[in-house]
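Since the structure comes first, as structure tokens, the remarks are kept for the end.
The values are calculated or read from the model by the stated rules, or taken from the named source; none is laboratory data. All figures in this text were calculated on a predicted structure; none of them were measured in a lab. Counting neighbours? That spans all protein chains shown, and the Cβs are built from the backbone with ideal geometry, glycine included. The area values use the complete protein model at the heavy-atom level, side chains included, leaving out ligands, DNA and RNA. Shrake-Rupley method; radii C 1.70, N 1.55, O 1.52, S 1.80 Å.
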Amino acid sequence: MGLRDRRQERRDDRREERDTFGRGGTAHRYRMKQRLVSFGDDYWIEDEDGNRAYRVDGKALRMRNTLDLVDGSGTKLCRIQTRVLHVRDSMAIEDPDGEQLALVHKALISPLRERWKVDLAGDREWIVQGNIVDHEYEIEDDGTKIAEISKKWFRVRDTYGVEIAPGQNAALVLAVTVAVDSMAHPRD
């Protein structure tokens, strides 16, 4: 593959990304709060129309930090739970039956930007990178952006948005976002 072919491929990728993310794009948008939830508290995740789409239910009085992601009708979609006895901080995301969907942890080496990994079933992984502390980052699957997290869409100080590409599992992407937020912004 020549240099011109690679340049054209990058241009095509950027054009496709602009069609999906940003104003007028096809991505699904959700609104979340910074310092999302203290364990034992609940919080609603709203869609772009302001409807309550998901609820993060903080479970109090547990040995490990535990959060449940529940849909608008009250059905538990997944549990997000701190994993103890791991070398690095990590949180597991499990389905309602207790099967692990993902393990979120900080990458060991990240020279310039914060970088996290999401280990998925089937030896797949997502990469979470950008400015995690300021809620300006992306989630990629095999080099393709599947979600963008940003505060720039809101004027409210403690609010940030999550844009998810069509065809992605919104609940899993939001659960990963909750896990990253919980580990990057620990609560006392």
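Of note:
- Amide hydrogen neighbours beyond the local backbone of E46, cut-off 5 Å, H modeled: R31, A53
- What a 1.4 Å probe finds exposed on the chain is 44% carbon and sulfur by accessible area, rounded to a whole percent.
- Cross-link pairs K33/K152; K76/K152; K76/K145; K76/K106 - those with Cα-Cα distance over 24 Å: K76/K152; K76/K145; K76/K106
- Along region 15-32 the Karplus relation, 6.51 cos²θ - 1.76 cosθ + 1.60 evaluated at θ = phi - 60°, assigns HN-Hα couplings of 5, 5, 5, 5, 5, 8, 9, x, 4, x, x, 8, 5, 7, 10, 9, 10, 10 Hz to successive residues, with x for each Gly and Pro.
- On Cα atoms only, tilt of 170-184 relative to the major axis of the chain in degrees: 70 degrees
- Distance between the modelled labels on E9 and R29, one decimal in nanometres: 3.2 nm (7 Å Cα→Cβ projection).
- Here the chain is assigned +1 on the Cβ of each Lys and Arg and -1 on the Cβ of each Asp and Glu. Its dipole about the Cα centre then comes out at about 680 debye.
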